[in-house]
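To keep things clear, I will list the structure first and then write my remarks on it.
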Amino acid sequence: MSVAAVALHSNRALPWLLLLYAAASLLHFAHNAEYLAEYPNLPPSWSRADVYVAWCCVTALGVVGYVLYRRSYRGVGLTLLSVYAGLGLGGLLHYTRAPVDHHSTMMNATIWTEVVFASLVLINLAHIGGALSSSPLGRREYAHRRH
């Protein structure tokens, strides 16, 4: 598959993957918020509202990144989108507080669903970034936007 074909395919998939990841992330955060007391070893100072506000902040980062990317600020947009997707791997931090078997089946399912979709977004972004950096037009556009 040519670099142009990979870029086209990845660009077409990006909004759908972002929507799926956002939904998976909302599922995980909502489960965290609604069952906060049941998640092992989370700080007792956290509230339902704190969890929902955190999701809104994380998601806003993704929205801003996507808007910038679509408005031809490709480098900045891809960077923000990468940070957004990378935050989706943060659900794995639950396992630093307690092992997998101390979490319910639903807790593990929401954590891993978010992680899988975040990983798919990161892989897709890597394809887009690779296509942009290997194409003369992409390098020129990126260099133009940096100055």
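Below, the figures for the structure above:
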{"item": "Folded to 0 to 90 degrees: helix 136-146 orientation relative to the chain principal axis, Cα", "result": "70 degrees"}
{"item": "For the stretch 36-125, average projected area of the Cα convex hull in nm²", "result": "6.1 nm²"}
{"item": "Rg/Rg_ref, the stretch 28-70, where Rg_ref = 2.2 N^0.38 Å and atoms are Cα", "result": "1.43"}
{"item": "Helix-only CD estimate at 222 nm, as mean residue ellipticity for the chain, using -39500 (n - 2.57) per DSSP H run (n ≥ 4)", "result": "-26500 deg cm²/dmol"}
{"item": "Projected label distance in nm at residue 37 and residue 106, using a 7 Å step from Cα toward the beta-carbon", "result": "1.5 nm"}
{"item": "Kirkwood-based shape ratio for the stretch 57-97, expressed as Rg/Rh from alpha carbons", "result": "1.14"}
{"item": "Of 132, 20, 42, the one that fluctuates the most in a GNM where the chain has Cα springs shorter than 10 Å", "result": "42"}
{"item": "Distant alpha-carbon pairs in the stretch 72-128 (separation over 16 angstrom), percent", "result": "48 percent"}
{"item": "Vicinal HN-Hα couplings computed from phi for the stretch 70-77 (Karplus, 6.51 cos²θ - 1.76 cosθ + 1.60; Hz; Gly/Pro x)", "result": "5, 8, 6, 9, 4, x, 5, x"}
{"item": "Helix 3-34 axis, angle to the chain major axis (alpha carbon atoms, nearest 10°)", "result": "20 degrees"}
{"item": "Sorted peptide list for 113-120, 46-53, criterion being average Cβ within 10 angstrom, highest first", "result": "113-120, 46-53"}
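Read-outs: derived from the displayed coordinates by stated rules, not from any lab. Here the structure is a predicted model, which means the values were calculated and not measured. So basically every Cβ, Gly included, is an ideal-geometry build from the backbone, and we count neighbours across all protein chains shown.
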